[in-house]
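**Q** Have a look at this one.
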Amino acid sequence: MHFRHKTVWITGASSGIGKALAEQLAGKGARLILSARNEAALNELNTELGGKHCVVPLDLARPEHLLEHLPNTLDRIGKVDILINNAGLSQRSLFLENEFSVYRQLMEVNYFGLIALTKVVLPQMVNRGSGMVVSISSVAGKVGSKFRTGYSGSKYAVVGFMDCLRAEVAAHNIHCLTICPGSIKTAIAHNSLDPKGHAQNKPEQSIENGMDVNKAAAKMLKAIAAKKDEVVIGEGISGLAPTIKRFFPRLFNRLTARMNYR
Ligand SMILES: NC(=O)c1ccc[n+]([C@@H]2O[C@H](COP(=O)([O-])OP(=O)(O)OC[C@H]3O[C@@H](n4cnc5c(N)ncnc54)[C@H](OP(=O)(O)O)[C@@H]3O)[C@@H](O)[C@H]2O)c1
């Protein structure tokens, strides 16, 4: 598949992976719908990309609001060929210390928000008999580790949702791809929630040493073009973790109990 003249809706386009995907897709001739909360950052990106794309600010933490208001926006946008559910939020906090609201916040943004946007966009793909839904889960959606009880739960949920959706829409010629990145060098650790649900505002070594974001985005676009079902994209232990867990689960569980990626 090529991206020229395709309309691609990307959430989380204001930063990190989403921004890198937007830049590379624009270079390949795609027409973009850029979404996130930070409207100024989206407008700046649109200007950087020649000003010909569409900015749709939204807050995934308000899924009911999206379900009510986005259909009008979609009428204005028209055809969407590819939806990339990329926006997300992580955490670096222990279960015993977390306020319950941390779990609600992670599920709203990473899971319910993703479902709401998919629910808005999918019907026109079904009517047309073509389209692609791409969701960025995580290696944390395949394996668990400390400090991520809510994040991992939300990302496992995305994997399950996408597996079921893939089965349901295959007959409509709609393809579903789940991308599970390992550590990618972005602002994700800075934006990760602390036990009170606030951004921790500090870096994490494994993310700082993670894969270059442009390299990761290029691999993601390759997986989209090849219409893969699920891919893991990462270097070193973060990319190998799902395979290690699958073949050596007890060893993997012992290792994760000793590791402190915070
Ligand atoms: N970096 C990694 O190592 C890694 C690994 C595995 C999976 N991932 C996943 O990759 C995706 C992108 O993360 P990233 O690494 O690029 O992190 P990032 O630099 O922190 O970007 C996160 C993006 O999500 C948007 N976002 C956050 N909360 C939102 C909300 N309530 N409504 C709408 N948009 C929201 C942010 O935009 P605003 O703040 O403007 O809203 C931002 O554009 C996430 O789903 C993340 O879980 C990342």
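**Q** Can you tell me how many residues in segment 228-261 are aromatic (Phe, Trp, Tyr) and over 20 Å from Pro181 (Cα atoms)? Please lay out each step first, then the result.
**A** Of all residues in segment 228-261, those aromatic (Phe, Trp, Tyr) come to 247-248, 252, 261.
From what's left, over 20 Å from Pro181 (Cα atoms): 248.
Residues in segment 228-261 being aromatic (Phe, Trp, Tyr) and over 20 Å from Pro181 (Cα atoms): 1 in total.
**Q** Additional query: Across segment 1-21, what is the total count of residues that are charged (D, E, K, R) and within 16 Å of the ligand (Cβ to nearest atom)?
**A** In the first step, residues of segment 1-21 are kept if they are charged (D, E, K, R); the result is 4, 6, 19.
Those still in the list that are within 16 Å of the ligand (Cβ to nearest atom) too: 19.
Of the residues in that region, 1 qualify.
**Q** Also: Report, by residue number, each residue of segment 22-44 that is in contact (Cβ under 8 Å) with a residue 24 or more places away in the chain and either of a type in the set (D, E, K, R) or near the ligand (Cβ under 9 Å from one of its atoms) (or both). Walk me through how you get there before you give the answer.
**A** In the first step, residues of segment 22-44 are kept if they are in contact (Cβ under 8 Å) with a residue 24 or more places away in the chain; the result is 22-26, 28-36, 38, 41-42.
Matches in segment 22-44: Glu23, Lys28, Arg31, Ser35, Ala36, Asn38, Ala41, Leu42.
**Q** How many residues are more than 21 Å from Ser135 (Cα to Cα) and not in a helix (DSSP H, G or I) if we restrict to segment 194-230?
**A** Quick first cut of segment 194-230, residues more than 21 Å from Ser135 (Cα to Cα) only: 194-206, 208-209.
Narrowing the set further to residues that are not in a helix (DSSP H, G or I) leaves 194-204, 209.
Total satisfying the criteria: 12.
**Q** Additional query: Test of understanding: among Met220, Met211, which residue is more than 24 Å from Pro123 (Cβ to Cβ), within 9 Å of the ligand (Cβ to nearest atom) and crowded, with 19+ Cβ neighbours inside 10 Å? Outline the logic, then answer.
**A** On the way: Met220 fails: within 9 Å of the ligand (Cβ to nearest atom).
Exactly one residue qualifies, and that residue is Met211.
**Q** Are any of the residues in segment 129-139 within 16 Å of the ligand (Cβ to nearest atom) and either over 12 Å from the mean Cα position of the chain (by Cα) or in a helix (DSSP H, G or I) (or both)? Working first, answer last.
**A** Filtering segment 129-139 for residues within 16 Å of the ligand (Cβ to nearest atom) gives 133-139.
Keeping just the survivors that are either over 12 Å from the mean Cα position of the chain (by Cα) or in a helix (DSSP H, G or I) (or both) gives 139.
Checked segment 129-139: at least one residue is within 16 Å of the ligand (Cβ to nearest atom) and either over 12 Å from the mean Cα position of the chain (by Cα) or in a helix (DSSP H, G or I) (or both).
**Q** Now, a different point. On the basis of being surrounded by fewer than 21 Cβ atoms within 10 Å (Cβ to Cβ) and over 19 Å from Val143 (Cβ atoms), does Ala199 make the cut? Show your work before the answer.
**A** On the way: surrounded by fewer than 21 Cβ atoms within 10 Å (Cβ to Cβ): yes; over 19 Å from Val143 (Cβ atoms): yes.
For Ala199, the condition - surrounded by fewer than 21 Cβ atoms within 10 Å (Cβ to Cβ) and over 19 Å from Val143 (Cβ atoms) - is met.
**Q** Within the bounds of segment 67-79, is there any residue that is within 11 Å of the ligand (Cβ to nearest atom), hydrophobic (A, V, I, L, M, F, W, C) and open to solvent by less than 50 Å² (accessible area, probe 1.4 Å)? Explain how you work it out, then say what you get.
**A** First, pick out the residues of segment 67-79 that are within 11 Å of the ligand (Cβ to nearest atom): none.
No - not one qualifying residue is present in segment 67-79.
**Q** Of all residues in segment 45-62 being assigned to a helix (DSSP H, G or I) and in contact with a Lys or Arg (Cβ under 9 Å, 6 or more places away or on another chain), which is farthest from the ligand (Cβ to nearest atom)? Working first, answer last.
**A** First pass over segment 45-62, keeping only residues assigned to a helix (DSSP H, G or I): 45-48.
If we keep only those that are in contact with a Lys or Arg (Cβ under 9 Å, 6 or more places away or on another chain) as well, we get 45-46.
On the way: Leu45: 10, Asn46: 14 Å.
If we take residues in segment 45-62 being assigned to a helix (DSSP H, G or I) and in contact with a Lys or Arg (Cβ under 9 Å, 6 or more places away or on another chain), then Asn46 is farthest from the ligand (Cβ to nearest atom).
The values are calculated or read from the model by the stated rules, or taken from the named source; none is laboratory data. These figures come from a predicted structure and were not determined experimentally. Cβ: placed from backbone, ideal geometry, glycine included. Neighbour counts: every protein chain shown. These accessible areas exclude ligands, DNA and RNA; they are computed on the full protein's heavy atoms, side chains included. Shrake-Rupley method; radii C 1.70, N 1.55, O 1.52, S 1.80 Å.
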